Structures are given as structure tokens and as C-alpha cells.
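The values are calculated or read from the model by the stated rules, or taken from the named source; none is laboratory data. Because the structure is a prediction, the values reported are computed rather than measured. Cβ coordinates were reconstructed from backbone atoms using ideal geometry, including for glycine residues, and neighbour counts include every protein chain displayed. The protein model used for the area step is the full one, side chains on, heavy atoms only, and it has no ligands, DNA or RNA in it. Shrake-Rupley method; radii C 1.70, N 1.55, O 1.52, S 1.80 Å.
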Amino acid sequence: MTFERKDVSTLGSDWNDTLVWYAKAVGKMQERPLASRTSWRFLAAMHGFNEVLWSAHGYYSSGEALPSDSDKARFWDQCQHQSWYFLPWHRGYLASFEAIVRSAVVELGGPADWSLPYWNYFDPDSRSVPPAFLQKTMPDGSPNHLFVEARYGDGHGKFIVEPEDVSLNALKDHAFIGGDSGGNSGFGGPDTKFNHGKGVNGHLESDPHNTVHGLVGGLADPEHEEDRTTYGLMSIPATAALDPIFWLHHANIDRLWEVWRKRDPQNLDPDQDSWLKGPADRKFIVPDPDGEGITFTASQMLDTTATPLNYTYQDTSDPLAGSTRKKVRLTGLRLLSDAPMVNFLDIKSAGGQVATELLGANPNRIKLAGGVSHTSVTLDKASTDKVNNSFESVKLFSATPKEPDRVFLNLENIRGKNDAAVFYVYVNVPSGDDPKDHPENKVGVLSLFGVSDASKTDSPHGGAGITQVFEITSIVDNLQLDESQLSDTLQVQFVARNTVKPEHDITVERVSVFRESL
């Protein structure tokens, strides 16, 4: 049977049958012991487990029986982040979870065709966490297992993803694989081995994935002192999958992978054996509804209609139909951004890398806090001239149009203690102006999901933090409409979206700008 995953907002009432049965199944799975491979907590621990945090939130009791060392080593702490495995690993994880929930639904007397819905927060009418997840009881007065106490949103009862918080820009990126040398981070992330978290975020992972985690999880009380135990479950990778909304969020991320694959013939998954058959250093494994371990590779995650996946999505139409990444072109003496982007050197989006060159970097590590933080990046004139020349070489009626350079802003080795922190990032906002009045200068949204563990020097993450890459080619292009050449300095501003305090120790080791050329 092929199951259809539907948009939760189209299922009818707040308490439609799909969510009623989901809540009942969650309750049944929560009754199972932690060591059971089909229990709620075992499945959540596959994404991440932290004894201190789980104990603080009431999901683990000291002395409680844990799975065998073998099961913990093979199944737990698997989630792939800052990696080209981010999408295929979560797809297999989601499919295992869905099958186990469906089995519980059937055991309780529910429908055999139950499927996991997705939460499409890009729909203007669905920007808030669905109401069924915010009520303590079900319509019959019984406890609602979709509700969790440790889901804080903005700390004042709101769980809304605003239009300016997320974007679908990742869908415009043709390259699945990103690099780690300052250029494009790719739709799906950089080529890595098994990577439980640290390094460069892929485009879809950074936006919308990370941002939704931080905004939904939030902090218990933003105005008072806190430690990691007062963050919402969704805010931290080691607790995120304990929240039932996690699974609807990831169903939407998985759906967007399907949208990307279908929207443009240039959008190709990697074809390297190291991705298709990897990772070589640790096998991905999930339980089936009987608790048997099933290993899988990315190659098995490409056709959702085939076994072991067997599902489709209600809607994989292109929300950006007619929109693509723009190139600059010369009209008279002015550069405009209204021409469709030509193929990027016919490089297979599945694989190819291009040359990158550092244009400039700020002089010192910067600290981010509430309000507005800023730094300056001085650009090398000779390298910047190459960017200008690449723009000027794009002729309006050229028979062989040439790609201009692409320009990327890198926020390198971000470290800190606030996984829920979200910032809007801007460049070259006019002096004295409020950045929010200049959406044309907005680079994107920085979310720090996973930063605490990635910052720990005594953990497998190694303390390198996370790195975020934003393409700023169009902004550089627009700057040329007002100046004869690209300025030798970029002013970068960070505007806190939610509560960020000095004691969160959020730092960016370096802010740099790179050009990517053919």
C-alpha cells in the first residue's frame, strides 16, 4: 500500500481523525519502556539523548533500565546535521517512525491507512503550531499526548512562524552538495562522513529547518536566568524528537526535498557511491514495527513510492513556479537582476565544485546579543574588481551568456549556549536606519539550533561550532545600482529575533566574504 501524507491544515477540524489517532498512538508508545525499540523515547533518542536534559524534563529517571550498550551504539544519537546525509537520514527515520505509529494506531482499533501529516508553515493560514498540539486535553477530556509542557515559542504563549522568519530560497539552489571552502553550502549540505553535528549548514537545513526548531521550542521564561533545562524540547537536537510536532515539521522538510527534486531538471541528487551507499564509518539503522533493526542507505531513500518508504505527499507543486536564481545583466551602464539564470557551467548539480576566493574578512571575533550587533568586512580591491568585471561581462544579447561570479557571506565557527537564538542578518543598511525598514538588504535568517553541543570541546562535536553561509550576489548587484563600483567595505548587522543575552556567549569567530567563479 502507498500512503498519502497530507497537509495537516486540510484534514478538517482541529481534532480530525488523523490527529486523534496520532495522539492515542503517542500515548501508547509513551507507555512502553525506554529500552523497547518501538517506544516513544527510544525513537526520540535515535535523534539524540542527553541524560541531564531528559531527566530535567521528566523523560528519564535515574536507575531506569536503558537499552543494551549494543543498541545504544547502533541506534541512538544518529541524527545527521551539517551534512549531505541530513535529508536521506531523516527520511529513513521518519518512515520508521510513521510505520511504528501506524502499527500502534491499528492495535488501538484505528485505520490501517493512517499516515503522518505535515505542517506547512508557509501557508499564510497555517503559520501557528496546529491547535491540537496546544491543548492539554482531548475533546473527550482525556490527556492530550500531543501537548508538551516544554514547548515555549516566544515565551508568552505564541507559536507563530512569521513570513519574515523563513523562506523557500533553498528551492532555487540547483546544487545539492555544498562545499566547506566559503562558497555555496548546497541545497542538501556538504560532503561528510557520519556527522552528528558540527560544520556548515546546508541551505534547506538552515532555512527553514533550523529556524522553526528555535522558534517553536523557545525558552521557558526569556526574561529570567536559565540553563539548558529551561529550553523547549524542539530547541535542542538531543530533546527535539520528544515533541510530537517535531515529526510534522520534518515531514514538511522531507516534502520540500521532493518539491526541489521535481521543480527543475537541473536539481539532481548526488550520484557518488560515498553518498548513495554511505556512510562507510557507521551504518544508518532504524527499527521496524516489530522492533527488528533495518539498515538503510541514501540510495534507498530516493523513490518515496517504493519499498521501504511507500508514501506520497498531497502537494509537491512548485510554490515558486516561474521563479529562479537571478543573474545580473548589463543594460546601458546599469546592472539589473531580472534575467533568468543560465545553466551554471553545465556542472552536474549532483557533484561539481567551483573555485572560491576570499574577498575579505572582519578583523576580530564578534559577540552577538540582544538588539543589534554589527561588524565590518573590508574587501580586497583586486578581488572585488574581479566580481565587478564578471558582472560587466554579462551582455544582454550575448549569444553565449557567461555566468557572473556568485558572492557568499560566511559566518564561521559560531559558538554559544542558546540553541533557540534566531537573528535576522543584513548588509549595508544605510547609516542610522532601522534594518527592518530595508528588506532589500536582508541576507537571511540565522538560527543556532545545535550550537551548544557543537561548541563543546569535550564532545564528539569537537568545539568547532556551526557555520552559516548566505548568498549575497543579488544584494551586491543591487548595490551597484547606487554606486559606480562595489564598496570596499560591507557592514554586517545582526538583529535578534528572540531573546538573546550576553551570558549566552554567542560568538562568530570570523565573518568573511567569498566569490565563487567558473
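For the reader, a short list of remarks on this structure follows.
- Residue 132 vs. criteria exposed (fewer than 12 other Cβ atoms within 10 Å of the Cβ), part of a helix (DSSP H, G or I) and under 26 Å from the mean Cα position of the chain (by Cα): no
- Among residues of region 82-111, those that are closer than 24 Å to residue 316 by Cβ and either free of Cβ contacts under 8 Å to residues at least 24 places away in the same chain or in a helix (DSSP H, G or I) (or both), counted: 16
- Residue in region 167-179 that is open to solvent by 40 Å² or more (accessible area, probe 1.4 Å) and either touching a residue at least 60 places away in the same chain (Cβ under 8 Å) or under 30 Å from residue 276 (Cβ atoms) (or both) present: yes
- For region 15-53, the set of residues classified as open to solvent by 10 Å² or more (accessible area, probe 1.4 Å), farther than 17 Å from residue 103 by Cα and of a type in the set (Gly, Ala, Ser) consists of 35 only.
- Whether a residue is among the charged types (D, E, K, R), surrounded by fewer than 23 Cβ atoms within 10 Å (Cβ to Cβ) and more than 27 Å from residue 413 (Cβ to Cβ) was assessed, and residue 228 does not pass this test.
- Filtered residues of region 1-14 (kept if within 11 Å of residue 131 (Cβ to Cβ) and open to solvent by less than 40 Å² (accessible area, probe 1.4 Å)): 8
- Qualifying positions in region 240-253 - in contact with a Lys or Arg (Cβ under 9 Å, 6 or more places away or on another chain) and either open to solvent by 10 Å² or more (accessible area, probe 1.4 Å) or part of a loop (DSSP other than H, G, I, E, B) (or both): 243
Let's see how each residue does on (1) under 30 Å from residue 271 (Cβ atoms); (2) open to solvent by 60 Å² or more (accessible area, probe 1.4 Å); (3) out of contact with any Gly (no Cβ under 8 Å at 6 or more places or on another chain); (4) of a type in the set (Val, Ile, Thr):
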{"residue": "55", "(1), (2), (3), (4)": "no, no, yes, no"}
{"residue": "58", "(1), (2), (3), (4)": "no, yes, yes, no"}
{"residue": "69", "(1), (2), (3), (4)": "no, yes, yes, no"}
{"residue": "84", "(1), (2), (3), (4)": "yes, no, no, no"}
{"residue": "99", "(1), (2), (3), (4)": "yes, no, yes, no"}
{"residue": "102", "(1), (2), (3), (4)": "no, no, yes, no"}
{"residue": "110", "(1), (2), (3), (4)": "no, no, yes, no"}
{"residue": "113", "(1), (2), (3), (4)": "no, yes, yes, no"}
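- Pairs meeting the criteria (first residue in region 357-370 and over 16 Å from residue 513 (Cα atoms), second residue not in a strand (DSSP E or B), beta carbons under 6 Å, at least 6 apart or on different chains) are 369/500; 369/502; 370/500.
- A count restricted to region 77-120 and to residues that are aromatic (Phe, Trp, Tyr) and farther than 30 Å from residue 184 by Cβ stands at 2.
- In the set (1) within 15 Å of the chain's Cα centre (by Cα); (2) assigned to a helix (DSSP H, G or I); (3) closer than 18 Å to residue 48 by Cβ, residue 79 fails one condition alone, (2).
- Failed criterion for residue 237 (all others in (1) open to solvent by 10 Å² or more (accessible area, probe 1.4 Å); (2) under 21 Å from residue 88 (Cα atoms); (3) of a type outside the set (A, V, I, L, M); (4) part of a helix (DSSP H, G or I) hold): (4)
- Candidates are the residues of region 421-451 that are of a type in the set (A, V, I, L, M) and in a strand (DSSP E or B); the one that is surrounded by the most Cβ atoms within 10 Å (Cβ to Cβ) is 446.
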